[in-house]
């Protein structure tokens, strides 16, 4: 059994070893950071093309200021962005339910096969960036709000179904046993045994992902989905930089509102 | 003889418009005192202790310690005063994943600069004092052990050793025995009193167990609803006084 | 009694009906054709097979492309490091329990973190590309902002959940603010710091692979070029390589996370 006694010399020895290790670690970290920043930013960048500091400041100054005439035209796009986020999240939830069911070890029908398949789907959903999803769906259905919504939905499935499947796995067995003992069917077990237990987690997760989707739906304007994203691209195209700043402020406000709402309701549920 | 600590007309409310917690408290602690603060829960005992080293900011009143008036100090001066006041906590407040000796050494932080403390460069004198204090509280067999693997009583002793590392001139003790079982509680009080006597440090101790207070303290401060109702030597604490003090508390 | 039961079930049905009605109306409002919606899933399959298969694997083995993979990784790394450093300081300000000043530092910290987080990384990319021009520098700056928002939010939550009693204790020893942080706060958040760091790397790397699409360096730039040129086979291979790398990065992260968990036990 290791003795926990100490004397002055042992501790000093231990301590100075620890200290040297720590100093070396921090030194390497700092050196590593500086070298990579140096190599990547300073050397690899074509400073000529970027232009002088004065040009950068000038370009930056174009963004200062708001285009007030734009504001009333942004209310409807803001609503569209908001709506897309909602629909994308709702569709994502709908798609997540079967995946979560397959991905929960205690209820999956075909054992490791279906479980593995579900986990695979979840990984695919999370690893493909929403922009790539958007490009895929534009190829399939053309431009408009639809590919945007589909992209948001498919992107969200990974996270939502993961959380739901974990909640199903952690559900308390006792109510399930009680229902089974009373003669309930598989559906009854799902509906009365599992769902009531996981509902708070599910709702919390949906609200969380919905908040993130507001942020994502802004860029779905790339695929012509409308909303604030489209407004952003339009203003950029017209080089109306104060207009761009205005759109960004709108996006910021929309996300803020979503965040406040999200925090408030998630706290209420927990 | 001058008191080590002199509290004058102390008033405290936690928020600007919040309820007042302490009303016009005055008392003095002398060098050989073991001063116990008693009273029903909510009487303000903990708040009073925390005002002394300004973990809570009082609204008005003076706290004189070593010639300084604590409420009026800022930054560096406040830190140097805090160094001289050791504190022992009800819930021990240790750094869970560190060993006993590392925890005890944090008592020395007030005397070290930031760089040295970042790299834990304690000097040999400090390390050897720490080891001495660790044996004084009876934990020499555990010096290198992680504190979250110790029992409640042992952890409280680490807290005591840590407070003593500061070489304090006053000890503030906040409910040292509430988280311990009764037999250990008595041992703990004996340990604290023993060390205080040996090192000649006055103690201001907040305690809810009246028997322990009567046994170990030489002076008692009785609080009720934030007001001072009794301030005298222990032998003057009669049954009537206690009844009056605790009359609103349904035990 | 029966009436009460019927009332609550009918309420439920009405709610569900309204919910679907709302969805239907929203779809109409956004001008979405339901035929397209359902045919999408059908044509999806045929489009994939016709256009995107077989993928042009040779293209992605081209040294230029491999170099761009390296660029993406580098951008992600630098963006992560800078972002985490800045975010750590801002989180310290934005945590209401340990912020040095509730009136100045707290609002500044909170605002910057939320602002960085609300703007999508691609929008940041476009903005920086406009100001600084194309290339990796714009990408690095965009990723830095992204990481500040992502790491900052999660880390602030951890800081706000810290046990203040320990902080008080160290303070009562007479320590200064730095020491209070090192010995009071840091031991409590050390593990979550590394956990959040790894999580941030995952999302940062994922973002870095495609922000090239909007003008930053890396693989995304190749993607854009080939999309514009309608080179579907190459697009397919690029997308596959991106997804493969992201999955690889996630496996490594999971491995790192397990290793760290074992070490701290």
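Numbers for the structure displayed
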{"item": "Single residue of C:90, C:82 found to be within 12 Å of another protein chain (Cβ to nearest Cβ), outside any loop (DSSP other than H, G, I, E, B) and buried (at least 20 other Cβ atoms within 10 Å of the Cβ)", "result": "C:82"}
{"item": "Residue in region C:60-68 that is more than 11 Å from chain A (Cβ to nearest Cβ), surrounded by 19 or more Cβ atoms within 10 Å (Cβ to Cβ), more than 23 Å from the chain's Cα centre (by Cα) and not in a helix (DSSP H, G or I) present", "result": "no"}
{"item": "Residue under evaluation residue B:139, criteria (1) surrounded by 19 or more Cβ atoms within 10 Å (Cβ to Cβ); (2) within 25 Å of residue B:55 (Cβ to Cβ), criterion not met", "result": "(2)"}
{"item": "Unmet criterion (only one of (1) at the interface with another protein chain (Cβ under 7 Å from one of its Cβ atoms); (2) in contact with a helix residue (DSSP H, G or I) (Cβ under 9 Å, 6 or more places away or on another chain); (3) part of a helix (DSSP H, G or I); (4) farther than 19 Å from residue A:22 by Cβ) for residue B:141", "result": "(2)"}
{"item": "Sole exception among (1) in a loop (DSSP other than H, G, I, E, B); (2) more than 10 Å from every other protein chain (Cβ to nearest Cβ); (3) surrounded by fewer than 18 Cβ atoms within 10 Å (Cβ to Cβ) for residue B:176, by number", "result": "(3)"}
{"item": "Among the candidates A:223, A:247, residue that is under 16 Å from residue A:76 (Cβ atoms) and more than 8 Å from chain C (Cβ to nearest Cβ)", "result": "A:247"}
{"item": "Residue list for region B:67-79, filter: more than 7 Å from chain C (Cβ to nearest Cβ) and part of a helix (DSSP H, G or I)", "result": "B:70, B:71, B:72, B:75, B:76, B:77, B:78"}
{"item": "Residue A:56 vs. criteria at the interface with another protein chain (Cβ under 10 Å from one of its Cβ atoms) and either farther than 30 Å from residue B:134 by Cα or modelled with pLDDT of 75 or more (or both)", "result": "yes"}
{"item": "Search result, residues across region B:136-150 that are under 21 Å from the mean Cα position of the chain (by Cα) and over 13 Å from residue B:98 (Cα atoms)", "result": "B:136, B:137, B:138, B:139"}
{"item": "Failed criterion for residue A:241 (all others in (1) surrounded by 20 or more Cβ atoms within 10 Å (Cβ to Cβ); (2) free of Cβ contacts under 8 Å to residues at least 24 places away in the same chain hold)", "result": "(2)"}
{"item": "Candidate set: region B:88-124, residues that are touching a residue at least 12 places away in the same chain (Cβ under 8 Å), assigned to a helix (DSSP H, G or I) and at the interface with another protein chain (Cβ under 7 Å from one of its Cβ atoms); chosen: the one farthest from residue A:15 (Cα to Cα)", "result": "B:110"}
{"item": "Flag if residue C:191 is crowded, with 18+ Cβ neighbours inside 10 Å and either over 21 Å from the mean Cα position of the chain (by Cα) or in a helix (DSSP H, G or I) (or both)", "result": "no"}
{"item": "Boolean, residue C:183 is surrounded by 19 or more Cβ atoms within 10 Å (Cβ to Cβ), in contact with a helix residue (DSSP H, G or I) (Cβ under 7 Å, 6 or more places away or on another chain) and away from chain B (no Cβ under 12 Å)", "result": "no"}
{"item": "Condition met for residue C:129 (within 14 Å of chain B (Cβ to nearest Cβ), in a helix (DSSP H, G or I) and touching a residue at least 60 places away in the same chain (Cβ under 8 Å))", "result": "no"}
{"item": "Options B:186, B:201, B:195; residue that is in contact (Cβ under 8 Å) with a residue 24 or more places away in the chain and under 22 Å from residue B:143 (Cα atoms)", "result": "B:195"}
{"item": "Breaking point among (1) buried (at least 21 other Cβ atoms within 10 Å of the Cβ); (2) under 21 Å from the mean Cα position of the chain (by Cα); (3) closer than 27 Å to residue A:266 by Cβ, for residue A:194", "result": "(2)"}
{"item": "Options B:44, B:39; residue that is touching a helix residue (DSSP H, G or I) at 6+ places or on another chain (Cβ under 6 Å) and crowded, with 21+ Cβ neighbours inside 10 Å", "result": "B:39"}
{"item": "Only listed residue being over 17 Å from residue B:53 (Cα atoms) and out of contact with any helix residue (DSSP H, G or I) (no Cβ under 9 Å at 6 or more places or on another chain), chosen from B:200, B:193", "result": "B:200"}
{"item": "Pair list, Cβ < 9 Å and 6+ apart or interchain, from region C:7-31 residues that are more than 8 Å from chain A (Cβ to nearest Cβ) and in a helix (DSSP H, G or I) to residues that are loosely packed, with under 11 Cβ neighbours inside 10 Å and at pLDDT 75 or above", "result": "none"}
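Yes/no matrix, rows are residues, columns are (1) over 17 Å from the mean Cα position of the chain (by Cα); (2) farther than 20 Å from residue C:64 by Cα; (3) in a helix (DSSP H, G or I); (4) within 11 Å of another protein chain (Cβ to nearest Cβ):
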site: C:153; (1), (2), (3), (4): no, yes, yes, yes
site: C:167; (1), (2), (3), (4): yes, yes, yes, yes
site: C:179; (1), (2), (3), (4): yes, yes, yes, yes
site: C:187; (1), (2), (3), (4): yes, yes, yes, yes
site: C:222; (1), (2), (3), (4): yes, no, yes, no
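Conditions (1) outside the structural domain of residue C:216 (by TED's automatic domain parsing); (2) closer than 23 Å to residue A:235 by Cα; (3) in contact with a helix residue (DSSP H, G or I) (Cβ under 9 Å, 6 or more places away or on another chain); (4) crowded, with 19+ Cβ neighbours inside 10 Å, marked per residue:
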position	(1), (2), (3), (4)
C:115	no, yes, yes, no
C:122	no, yes, yes, yes
C:140	no, no, yes, yes
C:152	no, no, yes, yes
C:165	no, no, no, no
C:174	no, no, yes, yes
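The values are calculated or read from the model by the stated rules, or taken from the named source; none is laboratory data. Note that the structure is a prediction, hence the values are computed from the model and not measured. Cβ: placed from backbone, ideal geometry, glycine included. Neighbour counts: every protein chain shown.
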